[in-house]
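Only one structure is covered here, and it is reproduced in the block below.
The values are calculated or read from the model by the stated rules, or taken from the named source; none is laboratory data. Note that the structure is predicted; figures quoted are calculated from it, not measured. As a convention, Cβ positions derive from the backbone with ideal geometry for all residues, glycine included, and neighbour counts pool all protein chains shown.
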Amino acid sequence: MANDQATKLAVLIDADNAQPAIAEGLLAEVAKYGTAHVKRAYGDWTSNHLKGWKDQLLTQSIQPIQQFGYTSGKNATDSAMIIDAMDLLYAGRFDGFCIVSSDSDFTRLAARIRESGLIVYGFGERKTPEPFVAACDKFIYTEILGAKPDEEQPLKPRTTAQLKQDSGLINLLRNAIDAASDDDDDGWAGLGGVGSIITKQRPNFDSRSYGYGKLSELIDAIKLFELDRRSPGDGRPKAIYVRNKKKPVARE
């Protein structure tokens with residue numbers, strides 16, 4: 001998705017449930033979708049558990065919101081985030097929300113925000129329960145954003161053979177291409193439209209999970225699809241189109 005500086009976003013971080021190491025990568029990712037007009041992190045800042053967040057709060061200009069844990073075993077942070085999110089929603093000043101947590105307690109919040117016509121980007125670890133992932137328009141795993149310790153190596157790109165063996169991935173791509181294609185254009189589909197359909201079907205889909213920075217790079221690596229870069233002819237960047245290789249080409 002292209003960066004849209006006109007899109008106003010509210011970034012709400014469950015600091016009790018997120019690692020400070022993700023902060024820089026998180027906000028860089030958020031910048032792809034819009035401008036973070038609100039950046040808040042929630043937790044009990046009197047606890048040593050959150051001391052690692054201090055430098056990130058200052059460096060990234062994130063506002064800490066204090067929430068004491070009134071009762072052992074109860075997460076007051078979640079309630080504070082939900083209340084603030086609803087206040088921000090009713091203010092009517094935002095186009096979308098970024099909810100940073102791996103906690104399923106935010107499932108209903110994400111659904112409620114989407115019911116109001118706003119977009120919801122979720123950020124959490126791979127352990128995030130599926131209901132919360134599905135409740136978001138798009139869900140990004142924080143492991144992709146550099147949440148892993150420095151000693152761990154980044155994801156290596158999967159080989160063509162490995163990708164071809166992933167039937168779920170292949171079917172997802174083929175179906176999305178078919179759905180986005182124009183019958184008058186021999187099965188070619190704009191890559192942007194393909195990506196949009198994939199995200200609607202699987203909010204947690206990300207080409208970086210397979211070791212590729214862009215969807216076009218992932219599709220090209222599979223070797224089961226054709227890619228065509230077309231120039232609009234008016235100085236704009238080339239547009240990428242894709243189609244299934246097995247798609248029969250109409251004869252004139």
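Check residue 197 against each of (1) surrounded by 15 or more Cβ atoms within 10 Å (Cβ to Cβ); (2) within 16 Å of residue 245 (Cβ to Cβ) and name the one condition it does not meet.
Checking residue 197 against (1) surrounded by 15 or more Cβ atoms within 10 Å (Cβ to Cβ); (2) within 16 Å of residue 245 (Cβ to Cβ), the one that fails is (2).
May I ask you to list pairs of residues, at least six apart or on different chains, whose Cβ atoms are under 7 Å apart, with the first in segment 224-248 being surrounded by 11 or more Cβ atoms within 10 Å (Cβ to Cβ) and of a type in the set (S, T, N, Q) and the second being in a strand (DSSP E or B) and modelled with pLDDT of 90 or more?
Correct list of pairs: 244/225.
Which of the strands (runs of 3 or more DSSP E) contained wholly in segment 58-156 include at least 1 residues that are modelled with pLDDT of 95 or more and more than 24 Å from residue 48 (Cα to Cα)?
Per the criteria, 96-100, 119-124, 138-141.
Would you mind stating whether residue 43 is surrounded by fewer than 21 Cβ atoms within 10 Å (Cβ to Cβ) and either free of Cβ contacts under 8 Å to residues at least 60 places away in the same chain or closer than 15 Å to residue 99 by Cβ (or both)?
no
For segment 114-134, how many residues meet the condition of being within 16 Å of the chain's Cα centre (by Cα) and either over 17 Å from residue 206 (Cβ atoms) or not assigned by TED's automatic domain parsing to the domain that holds residue 33 (or both)?
Adding up the residues that qualify gives 4.
For residue 200, state whether it is within 15 Å of residue 164 (Cα to Cα) and basic (Lys, Arg).
No; evaluated as a whole, the condition is false for this residue.
Please name all residue pairs, on different chains or six or more residues apart, with Cβ atoms under 9 Å, provided the first residue is in segment 149-171 and is closer than 24 Å to residue 25 by Cβ and of a type outside the set (Lys, Arg) and the second residue is exposed (fewer than 10 other Cβ atoms within 10 Å of the Cβ) and at pLDDT below 95.
none
Do we find that residue 18 is in the same structural domain as residue 81 (by TED's automatic domain parsing) and surrounded by 21 or more Cβ atoms within 10 Å (Cβ to Cβ) in this structure?
In short, yes.
Please work out which one of (1) in a helix (DSSP H, G or I); (2) in contact with a helix residue (DSSP H, G or I) (Cβ under 9 Å, 6 or more places away or on another chain); (3) over 19 Å from residue 121 (Cβ atoms) is the condition residue 26 fails and give its number.
Status for residue 26: all satisfied but (3).
For segment 201-222, which positions are in a loop (DSSP other than H, G, I, E, B) and surrounded by 12 or more Cβ atoms within 10 Å (Cβ to Cβ)?
Listed by number, the residues that qualify are 202, 203, 204, 205, 206, 211, 212, 214.
Just to check your reading of the model, which residue among 79, 61, 47 is among the polar types (S, T, N, Q) and on the phi > 0 side of the Ramachandran plot?
61
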